[in-house]
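Where a number appears in this text, it was derived from the coordinates with a stated rule and is not lab data. Nothing here was measured: the structure is a model prediction, and the numbers come from that model. When we count neighbours, we look across all protein chains shown, and the Cβ atoms used for this are built from the backbone with ideal geometry, even at glycine.
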Amino acid sequence: MQAIVMTATGEPEVLQTQEVPDPHPGVGEILIRATAIPVLYAETLLRSGAFPIAGPPGAFGFQAAGSVLEAGAGVDPGLIGARVVVSTAGQGAYAEKVCVPAEFATIIPDGLATDAAAAVLMGGSVATALLRRAGLTGGETVLVPVATTGVGGYLTQLARESGASRVIATASAAKSDRARALGADEVIDHRAPDWPRRLREILGDSTIDVVFETFGGDIAHDLLDVLTPLDGRMLGYGQLSGAPATIAAADLHARGLTYTACAGPEWLTRVATTRADVLDRAAAGRIEPLIDRILPLDQAAKAHRLVQNRATTGTILLRPAAA
Ligand SMILES: NC(=O)c1ccc[n+]([C@@H]2O[C@H](COP(=O)([O-])OP(=O)(O)OC[C@H]3O[C@@H](n4cnc5c(N)ncnc54)[C@H](OP(=O)(O)O)[C@@H]3O)[C@@H](O)[C@H]2O)c1
């Protein structure tokens with residue numbers, strides 16, 4: 001079958017199309033024919049070498065959506081033909097056929113297109129887990145950085161129904177109308193120098209109750225200044241700046257703030273529990289799946305360059321030729 005193999009760490013061109021043996025489902029596994037493969041931000045970090053990759057080189061990628069072709073021993077054969085989105089253990093998704101443990105599959109409900117399910121699964125489930133963790137009490141103000149693409153695009157859509165009364169977002173200027181359309185009340189251009197100062201201007205005497213923090217680095221530290229003393233909480237889930245948040249316990253003590261790290265294996269297990277709910281809500285039209293464009297699987301390198309160049313609004317999906 002055709003697959004995209006990461007031949008080294010580096011620029012997007014290290015992702016190369018190769019013929020590799022078909023995978024076969026073992027005990028407890030299913031094999032799917034992939035029709036939509038989301039390109040995820042974290043995958044660009046893995047490819048560049050910023051994150052270590054586990055195991056020998058093989059087909060790249062974390063998630064894929066398609067139909068079940070085969071069920072291994074111990075798996076309900078009634079699953080064959082079902083439409084599912086699957087998560088791999090870290091490799092194997094950028095391929096015509098993808099093999100995963102059956103429990104890593106989420107059934108796509110009727111009424112939701114396979115492409116839409118592939119696009120919404122990661123961002124929608126992380127956003128849902130973040131909003132549950134935030135415990136919004138109603139009438140609170142939230143800050144959603146990077147509000148139009150991945151996780152942020154779904155936080156913007158879901159914040160109000162989760163108890164936010166005011167949603168302040170950040171996005172690059174070209175994407176600000178999109179952030180408003182998704183539900184932001186106000187949008188700040190996070191590419192402008194000293195944009196946190198602009199945020200303080202907008203707030204006046206008011207404060208932010210919850211920041212869904214994805215920049216990391218010094219920006220995370222600066223944003224503590226706008227949090228509501230005592231009840232303010234920052235949920236840190238990303239580090240787009242390339243560095244972890246430079247926040248010390250003393251920074252929180254001084255104002256009684258809470259910082260919650262939303263990362264690591266236990267966090268991802270919690271995220272996974274929201275997947276079926278996210279697909280159901282997307283099927284019911286309560287979340288808009290954000291698809292940037294669909295490219296042939298053999299253009300995976302181009303897709304990574306678009307993500308790396310911040311040129312996307314929504315998820316790029318890769319489509320195998322055989323699909
Ligand atoms: N903890 C978790 O469970 C979890 C899960 C998924 C992702 N993450 C992390 O969350 C972060 C966002 O991931 P995502 O999937 O939501 O991706 P994403 O929304 O597609 O993020 C990419 C967008 O971020 C914006 N951006 C702002 N500052 C940036 C910078 N310094 N470098 C690159 N892009 C920048 C760009 O939009 P503009 O054009 O508007 O600037 C870009 O298009 C990443 O750090 C990722 O690793 C964490």
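In nm, what is the difference between 0.36 nm times the number of residues separating A181 and Q308 and their Cα-Cα distance? All intermediate terms of the calculation are to be shown ahead of the outcome.
Numbers: separation 127, 0.36 × 127 = 45.72 nm, distance 2.42 nm.
Roughly 43.3 nm would be gained on extension.
Using the Cα coordinates of region 1-49, the gyration tensor eigenvalues translate into equivalent-ellipsoid semi-axes of 24, 14, 11 Å, sorted from longest to shortest.
Take the Kirkwood radius over Cα pairs of region 123-266, plug it into Stokes-Einstein at 4 °C and 1.567 mPa s, and you get 87 µm²/s for translational diffusion.
Listing M122, M1 from fewest to most neighbouring C-beta atoms within 10 Å gives M1, M122.
Just want the ordering: M6, M234, from fewest to most Cβ atoms lying within 10 Å of their own Cβ. Could the numbers behind the result be given before it?
Values: M6 21, M234 24.
Ranked by crowding around the Cβ, least crowded first: M6, M234.
Using the Karplus relation 6.51 cos²θ - 1.76 cosθ + 1.60 with θ = phi - 60°, the per-residue 3J(HN,Hα) values for region 168-176 come to 9, 10, 10, 6, 5, 4, 5, 9, 5 Hz, with x marking Gly and Pro.
Report relative contact order for the chain in percent, whole number only (criteria: Cα-Cα under 8 Å, sequence separation at least 6). Intermediate values should be presented prior to the final figure.
Numbers: 729 pairs, mean separation 61.7, N = 323.
In percent, rounded to a whole number, it is 19.
Order of H190, H24 from fewest to most other C-beta atoms within 10 Å?
Details: H190 22, H24 11.
Lowest count first: H24, H190.
Here, the chain has an Rg and a Dmax of 20.0, 62 Å when only alpha carbons are counted.
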